[in-house]
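Here the structure is laid out as structure tokens; the discussion comes afterwards.
What follows is calculated from the coordinates using simple rules that are stated; it is not laboratory data. Keep in mind that what you see is a predicted model, and the values were worked out from it rather than measured. Heads up, the Cβs are rebuilt from the backbone with ideal geometry, glycines too, and the neighbour counts pull from every protein chain shown.
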There are 2 protein chains.
Amino acid sequence: MEAPAQMWGSVRRLVLGSPLPTARMHAERVGLLGGLAVFASDALSSVAYGTEEVLLMLVLAGAMGLPYAVPVTVAIVVLIAIVATSYRQTVVEYPSGGGAYVVARDNLGPLAANTAAAALLADYVLTVAVSVTAGVAAITSAFPALLEESVAISVVCVLFVMVVNLRGVRESAAAFAVPVYLFVLCVLSLVAWGLCKSATGWHGTIGTAPSLALVAGQPLTAFLVLRAFSSGCAALTGIEAVANGVQAFKPPSGPRAAAVLAVLATILGVSTLGTAVLARHLSIVPSETETVLSQIGRQVFGESPMYYLLQATTAIVLILAANTSFAGCPRLAAFLADDKFLPRQFGTLGNRLVYSNGIIVLAVVACVLIIIFGGAVTRLIPLYAVGVFTAFTLSQTGMVRHWFRQRGAGWQTRAVVNGVGAVVTGVVLFVVGVTKFVHGAWLVCVFIPLTVLAFQQVRRHYQWVADSLRLSGKVEAPALRNLNLLLVGGLNRGLIEGLRYLKSLSGDACGVHVATLGQDNTKLESAWKELAPGIPLSVLASPYRDISGPLLDFIEAERAQGGYDVVTVILPEFTVRSWWESMLHNHTALWLQFVLRNAPGVAVANMRYRL
Amino acid sequence: MEAPAQMWGSVRRLVLGSPLPTARMHAERVGLLGGLAVFASDALSSVAYGTEEVLLMLVLAGAMGLPYAVPVTVAIVVLIAIVATSYRQTVVEYPSGGGAYVVARDNLGPLAANTAAAALLADYVLTVAVSVTAGVAAITSAFPALLEESVAISVVCVLFVMVVNLRGVRESAAAFAVPVYLFVLCVLSLVAWGLCKSATGWHGTIGTAPSLALVAGQPLTAFLVLRAFSSGCAALTGIEAVANGVQAFKPPSGPRAAAVLAVLATILGVSTLGTAVLARHLSIVPSETETVLSQIGRQVFGESPMYYLLQATTAIVLILAANTSFAGCPRLAAFLADDKFLPRQFGTLGNRLVYSNGIIVLAVVACVLIIIFGGAVTRLIPLYAVGVFTAFTLSQTGMVRHWFRQRGAGWQTRAVVNGVGAVVTGVVLFVVGVTKFVHGAWLVCVFIPLTVLAFQQVRRHYQWVADSLRLSGKVEAPALRNLNLLLVGGLNRGLIEGLRYLKSLSGDACGVHVATLGQDNTKLESAWKELAPGIPLSVLASPYRDISGPLLDFIEAERAQGGYDVVTVILPEFTVRSWWESMLHNHTALWLQFVLRNAPGVAVANMRYRL
């Protein structure tokens, strides 16, 4: 039994790196560029499909719908600007982390906060499952031979992102910065180069991908335009993670997080609007075999290395979108654990100064979703639009309340900004909820109340424990009345080791031998008399060959007759040299420790000696 | 955490029945009829295929071979008589169980005994796997729809036989007596009725099953006849189990077991010889679609209910052949465990006075074999002929040695009987080994030495433990120098409970608090001063947020500086009301118990209190 703990320690050090001291907490924080790499991948990945989602909705109304793509995208960019501005105010006001949960808690009360938290937890898990599956789908459509293994590849990707995150915030920033920045570079080059060419009168070559038939299936209504708008709003999910993770930034954390939000919003706005304008200029129609971004890339870059780089980094960034959840979700769970709504294990910093338990649970739950739903996981996307906009609406409503309470300089303007955001995101929430209710949004209406109920159940338990543990009034600690009881297995070295220990503990003492085999004990009894004069030895009969039953009866009787508050059962146990040797023994001591754990007024002293 | 042990106890009582007191050991024994039901099924099941195996060999020489069936069967019956007579002598000489292992151990030394034991253990496992698979195959050939599920059905059958055996010897006798006796009745009726009809000049109707083409593939050599003889010897496997299980019989155990052997041998001889004679008289040739026994039954009974009863009980008895292994194998393992060649857990009587661990391990290993090999498990049959005859040869050689040593009245006759048996089974062993070597018998030559090596390794370990535990010369038990160390989590009720316990143990004491969070401890320290005057409190820094590391360093330092032999670490721990509540807590105490288990000179006292 030599040290399974040590072996586990070595494996852990190899995979995760050496433990970091608490004092290195500050050094583990990230700056602007690192923060962008950690927190931006989810938002940036939406550039890969944002314009496409808008076009897919509008094309339902046939060719007439397509011209609305640019105004709808402008509205989305305005929404991004509004939400980013609002959250910039929030992160400065809440420098220790200001996601929807914290803002709602401080301004709207625990029920709103729990609702926001439940919605966000579901979203983070779904983001991991959906984005990894989508990224792997991009890979398998390039290499169809891998299609059979896509679930396994997805699980491996999730576990890879998990391990990098367990190694620490700085490590994940370093590992994922290169592909994220390459993708940003590719998209910005695409927009810049495409717009330059357009400005010089270029209209692209003829599209190669077979377009969808431009048949108007639905009338072009305001409702349809709103749906297109809400479909494009998936781009906003990444913003919440930055607000949750302010503590991950180097001080001054608030302004640094605000700067990241500004840069992120700018890149996101420019890329989304740029691709929408280019798509319109090139008359691109969504296709079933090629993404809109790929169509634009092929037109602008031709089939050059730049085009293939764009495609490759798109696939990687889709997988890395999961990383934003790994940055956001464990922090949210830690906030909830600190407020006693989730098990306290989620609030414990791991060896590498990250919330390891949250990271592991997120990865496991996401893998379970991927395994259960397989490729069909993208059907869960409507669920998470509902979650994000629930959180946004609650957060921004909370901020309006905040400004009304604070009434600092310029509070009216800020309240108006947040108010507009709250109303707009509320409308989007309403639209998504209504249009997607039968397609799965109803699940959210079941999940959120159940989760909130669970939060409150957990909180109630911790409250009860805290009340029970609290010391009030004049406290004293008078000695208990204790009986030391040595369990004697037979006439061997264990008896000597146990007796020597028993004698070192003064106070009332006795020995107990349970005669499971019904053999003669006179030799044992006479040896005991000589070795332990004055200490009584009781021999208990055991008709069912069981040790714990007679022992518990004896303890009960001693407590009742002797007036003992507690009986300390001393279990001497020898240690052997290896795991296979340990399998050759009965582990009576271990079993008794387990059985005696729940007996009232029994302390178990396990005393191990080497042979 | 309320009592998973209790819940487990209820489930166990439901499935296995209430525990039996050791004093009921005698009442749990079986008489002649019960013993026949428990121990005979393996031997009787060979009636179902014994004649067939002989004919299958002889038919290799074409029609010329078939007439040899009756003389070969006569030889087998003589062998049965010899082995049974020898074993009747053995069980009377060894009333506490006299299988090949015990006889070889007492007369030929541990190496021969270990060889016999290894061969028999392999055989018992193979018997379970092979006979259950064969019985299930008989069922699935009647109901082909079940063919897909045959592995699952086999596993369920093994587990069923296991549970009945775990309920006790008497229960398994009662459960399996009816089908075993029905089968015996059917076979004896078949023989009697068939021979009566034959005596009146009847020659059967024309066979309906397509016979194998009677082409001589091999010349009819003495070697072929010997192979036919050895193929029919599978009938003898059941005899060993009776000899192992003498203790399972009501006293006088020896004579009662001898009587069972006589009855068993008589039934076996009459049935085997009767079916062989009938097969010859009716000119039956082995077929690929119908068993020889079924052909005889159809001819003698016609398609009457009696024929179908014969077929149904045949299938059941094939499955129940596994029961003989469940009666024999755990007892053999218990003998080995008593001699310290196997883990001692195999020697422990379970709740129902059977060797539960052996029964469970046998079932699990057999199920693993069935799952790995599936229907191909019958290919393993050559292996177990080698095993049985190794055991027979060693056992009877041992008996010869025994008589030479004892030289009681009539020892020469007995030595001759056993000597003949030893020579004959030795020849059969040689024939089977040579003819089947490439077909799998070589595996036995690998398995037996490896197992014997493992036996000796286990024995060496127990010897070392026994030497280390043994007390020799003048022993004393002077008190150790002990320090009681209370681990303090914070200023709460746990501190009070722990302190009250600490004060009840007199002697040196101290408190230790590990500051994992780096917060201010002045309040704790001043409260401690007031509550525990005179007891020092040490606050340990923990840069890596870990409790065990600093604690172990502190203990090491105290042992070195204070000269303590042992440090008792007191871990107060509160109990909660249910399993889900317990999941909400860190289980620091449990983790520390695990880590501190292997620290030298540390005793862990776990002290639980209710909230």
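Around the amide H of B:Y355, modelled in the peptide plane, lie the amide H atoms of B:G350, all under 5 Å away and 5 or more residues distant in sequence or on another chain. Here the simple spin-label model places points 7 Å from the Cα toward Cβ, and for B:F160 and A:K523 these points are separated by 4.9 nm. As a calculated quantity, the FRET efficiency between B:M64 and A:D546 at R0 = 56 Å, using C-beta atoms, amounts to about 0.25.
Of all DSSP-defined beta bridges confined to chain A, some 5% are antiparallel rather than parallel. One way to sum up the overall shape of the protein assembly as shown is the equivalent ellipsoid from its Cα gyration tensor, whose semi-axes run 72, 49, 24 Å, largest first. Cβ-Cβ distance of A:M583 and B:S198, R₀ of 60 Å, FRET efficiency by 1/(1 + (r/R0)^6): the value works out to about 0.50. Projecting the Cα atoms of B:L60, B:C233, B:F335 onto the dipole axis of chain B, where Lys and Arg carry +1 and Asp and Glu carry -1 at the beta carbon, places B:F335 farthest toward the positive end. Sorted from closest to farthest, the other copies place their A:P71 label points 11.0 nm away, with each point set 7 Å from Cα along Cα→Cβ.
Using the Cβ-Cβ distance between A:N598 and A:A479 with R0 set to 25 Å, the FRET efficiency works out to roughly 0.55.
Amide H contacts under 5 Å for B:L537: B:G511, restricted to partners 5 or more places along the chain or on a different chain, H placed in the peptide plane at 1.01 Å from N. In chain A, the DSSP-assigned H stretches of four residues or longer account for a calculated mean residue ellipticity at 222 nm of -21500 deg cm²/dmol, using -39500 (n - 2.57) per stretch and the full residue count as denominator. Have a look at the DSSP beta bridges in the protein assembly as shown and tell me what percent are antiparallel, nearest 5. DSSP beta bridges in the protein assembly as shown are roughly 10 percent antiparallel.
For the range B:531-609, a simple Cβ point-charge model (Lys and Arg +1, Asp and Glu -1, everything else neutral) yields a dipole of about 200 debye relative to the Cα centre.
For A:R12, put the label point 7 Å out on the Cα→Cβ axis and report which residues of the range B:546-573 keep their amide N under 12 Å from it. Label zone hits: B:546-549. Inter-chain neighbour count for B:345-353: the average number of beta-carbon atoms from partner chains within 10 Å of each residue's beta-carbon is 2.
The Kirkwood radius of the range B:342-453, taken over pairs of alpha-carbon atoms, gives through the Stokes-Einstein law at 25 °C and 0.890 mPa s a diffusion coefficient of 145 µm² s⁻¹. Exceedance of the 27 Å cut-off in Cα-Cα distance is limited, within the set B:K503/B:K523; A:K503/B:K474; A:K474/B:K523; A:K340/B:K503; A:K503/B:K503; A:K503/B:K523, to A:K340/B:K503; A:K503/B:K523. Just to confirm my numbers, what's the Cα centroid distance between the range B:136-207 and the range A:579-611 in Å? That distance is 47 Å. Just so you know, the Rg over Rh for the range A:208-327 is 1.04, from Cα atoms, with Rh as the Kirkwood radius.
Over the whole of B:542-553, what's the average partner chain Cβ count within 10 Å per residue? Rounded to a whole number, please.
Partner Cβ neighbours, averaged per residue: 2.
Placing a label point 7 Å from Cα along the Cα-to-Cβ axis, A:T22 is separated from the same position in the other copies by 5.4 nm, shortest listed first. For the range A:251-264, the Karplus equation 6.51 cos²θ - 1.76 cosθ + 1.60, evaluated at θ = phi - 60°, returns couplings of x, x, 4, x, x, 5, 5, 4, 5, 4, 4, 5, 5, 4 Hz by residue, with Gly and Pro reported as x.
Each of B:M583, B:L495, B:G511 was scored by the projection of its Cα onto the charge dipole of the range B:482-610, and the greatest displacement toward the positive side belongs to B:M583; charges sit on the C-beta of Lys, Arg, Asp and Glu. Between copies, the label points of B:Q406, set 7 Å from Cα on the Cα→Cβ line, lie 10.1 nm apart, reported in increasing order to one decimal in nanometres. Residue separation of B:E28 and B:L450 scaled by 0.36 nm, minus their Cα-Cα distance, works out to 148.3 nm of gained length. Charges were assigned to the Cβ only: +1 to each Lys and Arg, -1 to each Asp and Glu. The resulting dipole of chain A about its Cα centre is roughly 1320 debye.
With θ taken as phi - 60° and the Karplus curve 6.51 cos²θ - 1.76 cosθ + 1.60 applied, the whole-hertz 3J(HN,Hα) list for the range B:136-141 is 5, 4, 5, 5, 5, 6 Hz, x standing for glycine and proline. Backbone geometry of the range B:103-118 corresponds, through the Karplus equation with coefficients 6.51, -1.76 and 1.60 at θ = phi - 60°, to 3J(HN,Hα) couplings of 5, 5, 4, 6, 10, 10, x, x, 5, 4, 5, 5, 4, 4, 5, 5 Hz, x marking Gly and Pro. Spin-label model, B:V270/B:Q463: points 7 Å from Cα along the beta carbon direction are separated by 5.1 nm. How many percent of the alpha carbon pairs in the range B:533-590 exceed a separation of 17 Å? For the range B:533-590, the fraction of Cα-Cα distances above 17 Å is 57 percent.
Kirkwood-type hydrodynamic radius, chain A: 28.3 Å, calculated from all non-identical alpha-carbon pairs.
If packing is taken as the average count of other Cβ atoms within 10 Å, what order do A:114-125, A:403-414 fall into, highest mean first?
Result, highest mean first: A:114-125, A:403-414.
Put a dot 7 Å past the Cα of A:E530, heading toward its Cβ, do the same for A:V368, and the two dots end up 6.2 nm apart.
Under a model in which nothing but the beta-carbon of Lys, Arg (+1) and Asp, Glu (-1) is charged, the protein assembly as shown shows a dipole of about 1460 debye around its Cα centre.
Quick one: what do you get for the range A:482-610 if you divide its Cα Rg by 2.2 N^0.38 Å? For the range A:482-610, the normalised Cα radius of gyration comes out at 1.02.
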